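Visitor: There's a structure below that I have some questions on.
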Amino acid sequence: MNSMSQTTHPLSPAQIVTTAVPDDERIWVPQAPNVWFRPLMLNTLQGQWCNLLRVRKAGVLSRHRHPAPVHGYVIKGSWRYLEHDWVANTGDYVFEPPGETHTLTVDSADEMITFFNISGCMYYVDAEGRNTGFEDVFTKIDMCRKHYIEVGLGESFVDQFVR
Ligand code: FE
């Protein structure tokens with residue numbers, strides 16, 4: 001064993017290195033009509049996940065609350081929250097602090113792709129703030145398994161992104 005290989009502890013989970021925007025369209029998991037996510041890292045130990053969100057429609061996507069922080073990086077296109085006066089444009093970084101409730105909106109049907117690092121859950125609410133559902137790392141994994149079976153990649157395809 002040379003000094004280079006000793007830099008990774010034997011108990012350290014495996015690395016993930018992958019083409020973020022995939023060549024294979026099947027890797028995109030449908031979220032809603034004209035909305036998809038692409039799993040990158042599904043962290044079952046910390047209840048957190050990294051994914052790309054891709055949108056090809058204009059309009060309101062969801063109103064949701066975050067109990068834990070979210071970090072975003074806009075790869076392509078733009079989006080905004082109805083509650084704020086800023087627009088997240090290509091190349092922008094966004095920090096969504098815990099306690100935020102906001103309504104994700106896209107103004108153009110041009111493709112939008114954003115990297116999100118999400119902790120905890122997406123807590124979906126209606127206009128009155130009533131809970132309408134949630135997503136966490138486990139529901140994301142379940143969605144991936146179901147989709148990857150349907151498109152022929154097999155349910156274990158998602159395992160490469162799970163830690
Ligand atoms: Fe958000």
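Visitor: Among the lysines, select those whose C-alpha is under 18 Å from the C-alpha of Lys76, and discard any that sit fewer than 8 residues away in the same chain.
Guide: The qualifying lysines are Lys57.
Visitor: Calculate the length of the line joining the C-alpha centroid of region 26-50 to that of region 59-74, in whole Å.
Guide: Answer, in whole Å: 13.
Visitor: Also: How compact is region 78-158 by the rule of thumb for globular proteins, expressed as Cα Rg over 2.2 N^0.38 Å?
Guide: On the way: Rg = 15.4 Å, N = 81, 2.2 N^0.38 = 11.7 Å.
Against the empirical 2.2 N^0.38 Å value, I get 1.32 for region 78-158.
Visitor: Then there is this: For region 26-101, just list the percent of Cα-Cα distances falling in each 10 Å bin from zero outward, please.
Guide: 16, 50, 32, 2
Visitor: Beyond 25 Å, how much of the Cα-Cα pair distribution for the chain remains, as a whole percent? Write down the numbers at each step before the final one.
Guide: Values: 4438 of 13203 pairs.
Tail fraction, whole percent: 34.
Every read-out reported here was derived from the displayed coordinates using simple, explicitly stated rules and does not represent laboratory data. On a predicted model such as this, the values are computed, not experimentally measured, just so you know.
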